1. Write down the Å³ per residue value for the convex hull defined by the alpha carbon atoms of region 226-377.
2. Which angle between 0 and 90 degrees, to the nearest 10, do you get for helix 20-30 versus the longest principal axis of the chain when only C-alpha atoms count?
3. With the chain treated as a Gaussian network of Cα nodes joined by springs under 10 Å, which of Cys337, Cys52, Cys71 yields the largest mean-square fluctuation?
4. Please name whichever of Leu285, His172, Thr252 sits farthest to the positive end of the charge dipole of the chain, dipole taken about the Cα centre and charges placed at Cβ: Lys and Arg +1, Asp and Glu -1.
5. With the Cα gyration tensor of the chain giving a ≥ b ≥ c as the square roots of its eigenvalues, does the rule (a/c under 1.5 for rounded; else a/b larger than b/c for prolate; else oblate) give rounded, prolate or oblate?
6. ³J(HN,Hα) across region 62-73 via Karplus (A = 6.51, B = -1.76, C = 1.60, θ = phi - 60°), whole Hz, x for Gly/Pro?
7. Can you find, among Ile265, Asn66, Gln88, the residue farthest towards the positive end of the dipole of region 20-269? Put +1 on the C-beta of Lys and Arg, -1 on that of Asp and Glu.
8. Quick one: what are the phi-derived ³J(HN,Hα) couplings along region 4-18, Karplus 6.51/-1.76/1.60 with θ = phi - 60°, whole Hz, x for glycine and proline?
Amino acid sequence: MNNKLPIYLNNAATSFPKPNILGKEIAEHISEIPRHPGRIGSADMVNKLQLCRKAIARLININNPNQIVLCKNATEGLNIVIHGLKLQKSDTVITSSLEHNSVLRPLFLIRKTKKFKLVILPCNTEGRIIKEDWQRVLDQYKPKVVIMNHASNVTGAVNDISFLFKQAKQKHCITVLDTSQTLGLIDVDVNNLFADIIVFTGHKYLLGPTGTGGVYINKNIDIQPVFVGGTGIKSDLLEMPPEMPVKLEPGTPNIALFAGLIKTINWQKENPVNLEKFLSLTNRLSEKLSENGMNTIKVKGERTGIVSFFSKKWSVDEIGYILNKNYNIICRTGLHCAPLIHKYLKTYPKGTVRFSLSRFTTEEEINLVVEAMKAFQ
């Protein structure tokens, strides 16, 4: 059996398909006369970037779009934040074993020179922070910064960030939330989540192009520039202008891609995801894999469209290769750039096979995947 059309189940890496309007919008902008957003005659270009900030601001429920810095992805956004916090030896940072290397690697790099204390919390077998230990951890370590993801990119389990960050704010911590796996799929409200900083990407559940992302930064949090250079305004200054967002946005932005992101965000508003159907297909796939003898990472409660599993008979790489070659099913295998969680899931060092659904995944596709997986019983 080889499906005529590919079945795409790697949306946790990047979403596919994209709304048709995306390619059209990008193509139109690429064909336009280029103008730098900071220079005379470029009001339309400034407007596109500001429209993108406003679209994101509405999504996360903030009033001032200028607190949103646009960059090329969540990895860059996290580096801007983690480096820009200017951590010192006297500081403590708490993060978790759930995190992507986009969080872990910047922290480990900076710790080499700054010598701050880094506390990495364990997780349970679903891929969630253990809430019962949280108050004790805050009291014990008195962190300056807490950095967590909203949902695991390995298991899809959504953390109770409202609970965790509310208590962290009561201890005067700076709270940083990575929403790479949630924004565009489930509700992300700055006020309800008690997040000082929210990092996001455009190419996953916002359905935008790769090369788009950003960071919301509360006006009371000082992030120092990591990248510096031309801004097109205040060029007499030999340091970056102090105003947001230009303070953290040197160089020429990719206006065409952000114009496309505006279109996909607006498209989503007009075509809201059927979350009940989406999660029903996710849960059904997880159950069927378990019935077929796979060791599935079981997730109860709020989740995204990720199903992770492994087999005692087949390696994860073998499963992924055969699914791709023989059944035209595209998925992801390995550690998924989040190595620490696998030690708690008992899937280290080989990792898991990860299916990740999108709003476009159909019941027929899930049936075909379930049928294909019988080859590994």
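Bear in mind these aren't lab numbers, they're just calculated from the coordinates by the rules spelled out. Computed from a predicted model, the values in this text were never measured in an experiment. Here the Cβ positions follow ideal geometry from the backbone for every residue, glycine too, while neighbour counts run over all protein chains shown.
1. 187 Å³
2. Taking Cα atoms only, the helix is inclined about 30 degrees.
3. Cys337
4. His172
5. oblate
6. 10, 8, 10, x, 6, 8, 9, 9, 9, 8, 8, 5
7. Gln88
8. 4, 9, x, 9, 9, 10, 10, 6, 6, 8, 7, 7, 7, x, 9
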